[in-house]
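The values are calculated or read from the model by the stated rules, or taken from the named source; none is laboratory data. The structure presented is a predicted model; accordingly, all values stated were derived computationally and were not measured. Cβ coordinates were reconstructed from backbone atoms using ideal geometry, including for glycine residues, and neighbour counts include every protein chain displayed. These accessible areas exclude ligands, DNA and RNA; they are computed on the full protein's heavy atoms, side chains included. Shrake-Rupley method; radii C 1.70, N 1.55, O 1.52, S 1.80 Å.
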Amino acid sequence: MLFKELDKLKRTTVMMGITLMLSGIVLMIIPEGYIPFLGEVTGFILLVWSCLSVFEFLGSKQALIHHIRLAAGLLTAVAGAALLIFENLFIDIVSLLVGTLPVILGLYGIYHTFAYARRSGRRGWWVLAMLSSFLIVFGAAAFFNPWQGSVKANMTVMGVSILYSALLTLISLIWLWPVKSFGEDESNE
């Protein structure tokens, strides 16, 4: 069972690493002039998604889950309208998410370090716990970003933070990749 969970975790880790890497690169190379446009496009997409959720609710059997989706859709409409109305809200939300993401990924990494890497018998599993702890500290420091005045510097810091998260995610594969095959593990027990 441990190796099945590790295989599922490997696929998730690879996809998360690729997604984070691309997001970090995009945040670093996006020109400063396109950032307000990106906020407006995001607001418009949220409004369209909200309209679709309302139409889905009207055509549904209106069970409890449909009411929950309607509430989420209406909150999405408020968020989309706020992104269209307030100018720097997009940057503030992205900064908040980028500060929160490393903390969550660091906690996730520490959990998987003790749940899988330590139990797999690999040497040096504590390095993954230490790198995950640095990621938590790095994410907490992103909340107190001294570059808040400059939009481009803020986006670069966020991009570097996401790239470090991606690097740590991909490094964690070293300790999560099983060494023994499933048949050898059963014979040792």
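List pairs: first residue in region 104-130 and touching a residue at least 40 places away in the same chain (Cβ under 8 Å), second residue outside any helix (DSSP H, G or I) and surrounded by 13 or more Cβ atoms within 10 Å (Cβ to Cβ) anywhere in the structure, Cβ distance under 8 angstrom, at least six positions apart or on different chains.
Sorted first by the residue in region 104-130, then by its partner, the pairs are Ser120/Pro178; Trp125/Arg118.
Which one of Val41, Val54, Val26, Val94 is open to solvent by less than 60 Å² (accessible area, probe 1.4 Å) and either among the charged types (D, E, K, R) or within 29 Å of Val137 (Cα to Cα) (or both)? Quick ask: steps written out before the conclusion?
On the way: Val41 fails: either among the charged types (D, E, K, R) or within 29 Å of Val137 (Cα to Cα) (or both); Val54 fails: either among the charged types (D, E, K, R) or within 29 Å of Val137 (Cα to Cα) (or both); Val26 fails: open to solvent by less than 60 Å² (accessible area, probe 1.4 Å).
Just a single option satisfies the conditions, and that option is Val94.
Among the residues of region 62-84, is any open to solvent by less than 60 Å² (accessible area, probe 1.4 Å), among the polar types (S, T, N, Q) and modelled with pLDDT of 85 or more? Before the answer, list the steps.
Within region 62-84, the first condition is being open to solvent by less than 60 Å² (accessible area, probe 1.4 Å), and the residues that meet it are 63, 66, 70-73, 76-77, 79-83.
Next, from what is left, pick out any that are among the polar types (S, T, N, Q): 76.
Checking which are modelled with pLDDT of 85 or more leaves us with 76.
Within region 62-84, one or more residues are open to solvent by less than 60 Å² (accessible area, probe 1.4 Å), among the polar types (S, T, N, Q) and modelled with pLDDT of 85 or more.
I'd like the residue in region 105-125 that is touching a helix residue (DSSP H, G or I) at 6+ places or on another chain (Cβ under 8 Å) and among the hydrophobic types (A, V, I, L, M, F, W, C) and, out of all such residues, is least open to solvent (accessible area, probe 1.4 Å).
Among residues in region 105-125 that are touching a helix residue (DSSP H, G or I) at 6+ places or on another chain (Cβ under 8 Å) and among the hydrophobic types (A, V, I, L, M, F, W, C), the one least open to solvent (accessible area, probe 1.4 Å) is Ala117.
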